[in-house]
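Undergrad: Submitted below is the structure of interest, expressed as structure tokens.
The values are calculated or read from the model by the stated rules, or taken from the named source; none is laboratory data. Remember, it's a predicted structure, so these values are computed and weren't measured experimentally. Don't worry about glycine lacking a Cβ; one is built from the backbone with ideal geometry, like all the others, and counts go over all protein chains shown. Only protein heavy atoms, including side chains, enter the accessible area calculation; ligands, DNA and RNA are left aside. Shrake-Rupley method; radii C 1.70, N 1.55, O 1.52, S 1.80 Å.
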Amino acid sequence: MLNPFVLVSPAVAPALAVAITAVSVSLSLMISRYFFKSYRFSGFGYLLGLPVGFTFLGASFMFEAASLMYRSDPLLYPAFFWIQMSLQSEAFALIALSYYYKNSDGGQSGRSVRPRDALVIMLPLAMVAIPFLVPTFSLAAEPYFNYSGLADLSFYMRLFNMAVIGYIFKSTIASLAKAANIKLLYVPAAFALLGLEQYSLMLAYFDNSIGAFIGSAAARMAGLALFAYIMHSVTSKRRMEIEARKAA
Amino acid sequence: MRQEKRHKLQLFYEILCAIEEDTMHNEVAKPTHVQHFTRLSYDKMMNHFDEMEKKGKIHRVSGLVAITAKGKMFIEQYDQLISLIESAGL
């Protein structure tokens, strides 16, 4: 099984896929727009990973739905699944990169690069390269789409996604602890839900459980909705504070 | 205590906030007051004034400064940016 939507009854699957994809893509693009506006205003390079990452995430959901629509096509079905898998892992890697570069000094400290620093420099490069190179290598090694091979690869890519989300979660928790503001708990919670989505998809890979798949879709939408809600509430609350300050 | 290096956007924000604060009491702000609020050297502050005036964020009248609508908009956008960055855990 490549696309978990095939676990659902064929009569319901297309409608369910369209609904879940529409919600997920809209939320991803909404989050991306908030970060893109911030990036355009500030020009802070480390922020760019977030809008691009969430746009990639939205695109991956679209390819997931597209692969379901072409599930009878022997070429397009695995091809779209392959694109979705690469895009999704790349999306999480780019989002993690934003947190990585925010926490590091970006090599601006002026000191020379020591051998042990090479790992620190290589890590983000590897994080971005793996989601693209591993599936591409797998495709190049076997120019025809091997269903079971792709399914196995998706398991490893989900493991990679969970590791990357784990890193993001750790970074957001560290910021939360530093700021000592409980309201900042929402973002780690949102990433935890996205991590839960990947975990549920792994369960669905093992036992073809429809419950795990529905759980993954619910966790994904809840995570994205929570993230979008925080972005919206922060900007609108700030606007209200400014208006109140002006009125005073 | 050594002060952390401030980003240019943050400096603009602090200068504009200082001008806005000072203009609440007077029509225009005095550069010395702004300097006091922002803890900048006079030369550096004047360089920033030149740049901000070119960008239309402030205007100067006989040595005094006032914030423009574009400058006020900048304060709002910077406030939003910081809230967004903080809430995203960055």
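Undergrad: Taking amide H atoms as placed 1.01 Å from N in the peptide plane, list the residues 5 or more away in sequence, or in a different chain, whose amide H sits under 5 Å from that of B:Ala88.
TA: none
Undergrad: Count, for each residue of A:160-170, the Cβ atoms from other chains sitting within 10 Å of its Cβ, then give me the mean as a whole number.
TA: On the way: counts 0, 0, 0, 0, 0, 0, 0, 0, 1, 1, 0.
Taking all residues of A:160-170 together, the mean is 0.
Undergrad: Which part of the stretch A:178-195 falls in the paramagnetic zone of A:Ser233, meaning amide N under 13 Å from the point 7 Å along Cα-to-beta-carbon?
TA: Under 13 Å, as judged by backbone N against the label point of A:Ser233, lie A:182-190 of the stretch A:178-195.
Undergrad: Using the 2.2 N^0.38 Å rule of thumb for compact globular proteins, work out how the protein assembly as shown stacks up: its C-alpha Rg over that value, please.
TA: On the way: Rg = 24.3 Å, N = 338, 2.2 N^0.38 = 20.1 Å.
Against the empirical 2.2 N^0.38 Å value, I get 1.21 for the protein assembly as shown.
Undergrad: So what does log10 I(q)/I(0) come out to for chain B at q = 0.12, 0.20, 0.22 Å⁻¹, using the Debye formula with one equal point on every Cα and no solvent?
TA: Reported log10 I(q)/I(0), two decimals: -0.36, -0.94, -1.10.
Undergrad: Packing-wise, with mean Cβ within 10 Å as the measure, how do A:122-135, A:90-103, A:42-55 rank, highest first?
TA: Numbers: A:122-135: 16.0, A:90-103: 22.9, A:42-55: 20.1.
Descending packing order for the listed peptides: A:90-103, A:42-55, A:122-135.
Undergrad: If you don't mind, another one. Enter the mean number of other protein chain beta carbons within 10 Å of the beta carbon of each residue in B:74-83, as an integer. Walk me through the numbers before you get to the answer.
TA: On the way: counts 1, 2, 6, 6, 2, 6, 11, 9, 4, 9.
That average works out to 6.
Undergrad: How large is ³J(HN,Hα) for each residue in the stretch B:47-56, as worked out from phi by the Karplus curve 6.51 cos²θ - 1.76 cosθ + 1.60 (θ = phi - 60°), to whole Hz, x for Gly and Pro?
TA: Values, residue by residue: 4, 5, 4, 4, 5, 5, 5, 4, 7, x Hz.
Undergrad: Modelling each spin label as a point 7 Å along the Cα-to-Cβ direction, I'd like the A:Ala174/B:His59 distance in nm, to one decimal.
TA: Computed distance between label sites A:Ala174 and B:His59 equals 4.7 nm.
Undergrad: Right, another one. Please give the peptides B:55-62, B:15-22 ranked by average Cβ packing (other Cβ atoms within 10 Å per residue), highest first, as a rough proxy for protection. Working shown, then result.
TA: Working: B:55-62: 14.5, B:15-22: 21.5.
The most tightly packed comes first, giving B:15-22, B:55-62.
Undergrad: Using Cα atoms only, what is the angle between the long axis of helix A:76-103 and the major principal axis of chain A, expressed in degrees (0 to 90) to the nearest 10?
TA: 20 degrees
Undergrad: Which three semi-axes in whole Å describe the equivalent ellipsoid of the stretch A:143-227, each the square root of 5 times a Cα gyration tensor eigenvalue, listed largest first?
TA: Semi-axis lengths for the stretch A:143-227 are 29, 15, 8 Å.
Undergrad: Once you put a point 7 Å from the Cα of B:Lys72 and another 7 Å from the Cα of B:Val28, both along the Cβ direction, what distance in nm separates them?
TA: Modelled inter-label distance: 1.9 nm.
Undergrad: In this model, which of A:Lys170/B:Lys70; B:Lys5/B:Lys57; A:Lys37/B:Lys8; A:Lys178/B:Lys57; B:Lys30/B:Lys54 are farther than 28 Å apart at the alpha-carbon?
TA: Numbers: A:Lys170/B:Lys70 38 Å; B:Lys5/B:Lys57 23 Å; A:Lys37/B:Lys8 18 Å; A:Lys178/B:Lys57 33 Å; B:Lys30/B:Lys54 19 Å.
In this structure, A:Lys170/B:Lys70; A:Lys178/B:Lys57 lie more than 28 Å apart at Cα.
Undergrad: Let me ask something else. So if I place +1 on the C-beta of Lys and Arg and -1 on the C-beta of Asp and Glu, and nothing else carries charge, what would the dipole magnitude of chain B be about its Cα centre? I want it in debye, nearest 20.
TA: 300 debye
Undergrad: Run the helix sum for chain B: -39,500 (n - 2.57) per DSSP H stretch of 4+ residues, divided by residue count, reported at 222 nm to the nearest 500 deg cm²/dmol.
TA: Numbers: 4 runs with 58 residues, N = 90.
Per the formula, -21000 deg cm²/dmol.
Undergrad: Using all alpha carbons of the stretch A:1-82, what is the percent of pairwise distances in each 5 Å bin, ordered from the shortest bin to the longest?
TA: 3, 16, 21, 18, 14, 10, 9, 6, 3, 1
Undergrad: Give me a comma-separated list of calculated 3J(HN,Hα) values for the stretch A:14-27, in order, Karplus coefficients 6.51, -1.76, 1.60 applied at θ = phi - 60°, integers in Hz, x for any Gly or Pro.
TA: x, 5, 5, 4, 5, 5, 5, 5, 4, 5, 5, 5, 4, 5
Undergrad: Okay, moving on. Taking amide H positions as placed in the peptide plane 1.01 Å from N, state which residues far from B:Ile58 in sequence (5 or more) or on other chains have amide H under 5 Å from it.
TA: Those lying under 5 Å, H to H, from B:Ile58 are B:Glu53, B:Thr68.
Undergrad: Rounded to whole Å, give me the distance from the Cα center of the stretch A:50-66 to that of the stretch A:158-188.
TA: 21 Å
Undergrad: Another question about this same structure. Using a 1.4 Å probe on protein heavy atoms only, how many Å² of accessible area do B and A hide from each other, summed over both chains and rounded to 100?
TA: Working: alone 6300 and 13150 Å², together 17440 Å².
For B against A, buried area totals roughly 2000 Å².
Undergrad: How far, in degrees from 0 to 90, does helix A:210-247 lean away from the longest principal axis of the Cα atoms of chain A, to the nearest 10?
TA: With rounding to tens, the tilt is 20 degrees.
Undergrad: Sticking with this structure for a sec: For a quick check: with amide H placed at 1.01 Å from N, whose amide H comes under 5 Å from B:Ala29's, ignoring anything fewer than 5 positions away on the same chain?
TA: For B:Ala29, whose amide H was placed from the backbone, the distant partners under 5 Å are B:Val65, B:Ala66.
Undergrad: Using a 10 Å cut-off on Cβ to Cβ distances, tally the other chain neighbours for every residue of A:36-44 and report the average as a whole number.
TA: Values: counts 0, 4, 9, 1, 1, 7, 8, 3, 5.
Going residue by residue through A:36-44 and averaging, the value is 4.
Undergrad: Round to the nearest 10 and give me the degree value, 0 to 90, for the angle of helix A:49-69's Cα axis relative to the longest principal axis of chain A.
TA: 20 degrees
Undergrad: May I ask which residue of B:Ile82, A:Leu50, A:Ser216 lies farthest towards the positive end of the charge dipole of the protein assembly as shown, with charges of +1 (Lys, Arg) and -1 (Asp, Glu) on Cβ and the Cα centre as origin?
TA: Of B:Ile82, A:Leu50, A:Ser216, it is B:Ile82.
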